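The values are calculated or read from the model by the stated rules, or taken from the named source; none is laboratory data. Please read all numbers here as calculations on a predicted model, not as lab measurements. Glycine gets a Cβ as well: all are built from the backbone with ideal geometry, and neighbour counts include every protein chain shown. What goes into the accessible areas is simple: the full protein's heavy atoms, side chains included, and nothing from ligands, DNA or RNA. Shrake-Rupley method; radii C 1.70, N 1.55, O 1.52, S 1.80 Å.
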Amino acid sequence: MDPKLLTGTLEMLILDVLARADSYGYELAQTVLIASGERFDLKEGSLYPALHRMQRRKLLRSYWVNTQDRRRRKYYSLTPKGRQVLKTKRNEWTQFSRGIQGVLGQTYVVA
Amino acid sequence: MSWREGIEAGLPPPPLDGESGDLRRDIIDELADHLDCAMQRERKHTDDDVAAQRAVIERFGNPGRIAYRLWFDAMKETIMSQRISLVTNIVVAMACIAIALVAFNSLKQNTALTDALLAKLESIGAGTEAKASAPVWADATIPILVDDKPAVDYLVTLLGEAFNPGKDEFLRHRTDADGRVAFGPIRPGRYSLRVEDPSGLQLTTDTILYPGHNELDPVSLPAPKPQPATVSFAVNLPEQIKNRIAFVRLKFAKHLPEHGAHNNQWHWPSLDVLLRPDGTVAQIQSVPVGGGRLPPQPTGNEEHIDLEALEQRRTVELDGALTYRLADIVLYVPIQDVADRFVKITLPLVRPRRARQFSPQYIKPIYFGGLPPLRATSTKENVWQVQIPDWLVETVEKHFEDSAITRG
């Protein structure tokens, strides 16, 4: 799948995943990959900068959890501001996808 | 398998100012956790750790680069603010350096200008000091003319601050054969010039001497025209004191000027005549204007008279062109057993209405009041009556009474 189609949707996907449950980077990428039927493979080079940027914009907050194998794992969760932004982006995406679907679903008669 | 070294290699070595102490650790821990998770997933597909690691890296990319990007994003504001601050500091420093250079150059120019001004002022000051220390003198050559002819052997006195400021001095020279007198070097300024002819007549005028040589206009005087007249004296003393008086001295005040040209006027000497009660002249003296050339007059109530030096003359020769004002009469009373000492009784007849004032610039005229002036003419015999005014007779009697009481 052309990665350019994901442009502008990365933050929305992250917000949507985190709206369901707190998660960390690897899990979040795997969730998107699985949920998208392995169509959206988020590259780490884009994922982590996006996570950190959204945290600085107060859309996400983070906390550390020690794993069983003594690793520190960073979890992200949604802030109220993040939820509000997710709501807005969902509406926009719905409008956008309906528009796209509406156009793609028509039968054109070429005279 | 540890990913930390690879991640840490991508971070800049020294922590920057303003960097959180946990930033690097958080980045490393987060990316290392991700890589460990990815490694565990790959191990599910292969037992070869090397192959699994290679697959993780191929999918993840360069962990150091990602770590650096995260670090840079976190530090971007701080770095930018530091860079802005650094640039600002550099600009300010350069501006300060530029200002300092401009100020230094300005100071250098000002210093050079000040040095030049000081040098100029010093040279001016040295010149002024040299001028100030150099004496400024005046000298003058003054021609004296009497009736438009050179006044030869006239005594000329210059009165004023000849050498010292604020201190009256006089210089006295005689005119030469050309009637010229030279003064100098002396201080410039205003002077009184007194000219005295060989007979003692005096004239005073003012003059100003400027620095340098002063070739003054001639002082032109009219010639005094004496009119010789013979004068005899008749002494009329009151009877009650007549026999007790040995001598009578008549002191004539300075004569009012009779001749003059412009503001220059001659002054005649005073006259001092010592008479016997019979009217014969025992002594006659001229007192010049300003006095001081005759022996000092005795003071006090007693006076010594050199009897052997006295004359015995019936008449004296005076200038009939003048008027004579009798100022004082002095009566001399013999002291018992002492031949040449006498008690003086001074009877002032005239008093100056205004005190005689002298200044280097001029001599003010003196006015007298009292008895009417005496005159002598050359056309007839002149007898001047010497009589004590009634208003002074009582003074004389009272003196005798006091003297008697004292001696008694």
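Brief remarks follow.
- Accessible-area order (highest first, 1.4 angstrom probe) of the listed residues B:E303, B:E239: B:E239, B:E303
- Unit charges at the beta carbon, dipole of region B:138-221: most positive-side option, B:L159, B:L201, B:G179: B:L159
- In a DSSP loop and with at most 11 other Cβ atoms within 10 Å, the GluC sites (Glu not before Pro) in region B:307-351 are B:E311.
- Among the trypsin sites (Lys or Arg not before Pro) in region B:138-186, those located in a DSSP loop and surrounded by at most 14 other Cβ atoms within 10 Å of their own Cβ are B:K167.
- Heavy-atom accessible surface of B:K380, to the nearest 10 Å², is about 130 Å², with a 1.4 Å probe and all protein chains retained.
- Among A:Q30, A:Q84, A:Q68, the largest mean-square fluctuation in a Gaussian network model of chain A, built with springs joining Cα atoms closer than 10 Å, belongs to A:Q68.
- Taking amide H positions as modeled 1.01 Å from N, with prolines and chain starts lacking one, the residues under 5 Å from B:R325 and 5 or more places away or on another chain are B:A253, B:L374.
- Among the trypsin sites (Lys or Arg not before Pro) found in region A:1-86, those both in a DSSP coil and sparsely packed, with 11 or fewer other Cβ atoms within 10 Å of their Cβ, are A:R39, A:R70.
- Within the listed set A:T94, A:T67, A:T31, the Gaussian network model of chain A (springs between alpha-carbon atoms below 10 Å) gives the highest mean-square fluctuation for A:T67.
- Amide H to amide H, with H built 1.01 Å from N, B:L347 comes under 5 Å of B:I329, B:V330, B:L331, counting only residues 5 or more places away or on other chains.
- Residues with amide H under 5 Å from that of B:N214, placed H, sequence gap 5 or more: B:D139, B:A140, B:T141
- The Cα center of region B:197-239 and the Cα center of region A:20-58 differ in position by 138 Å.
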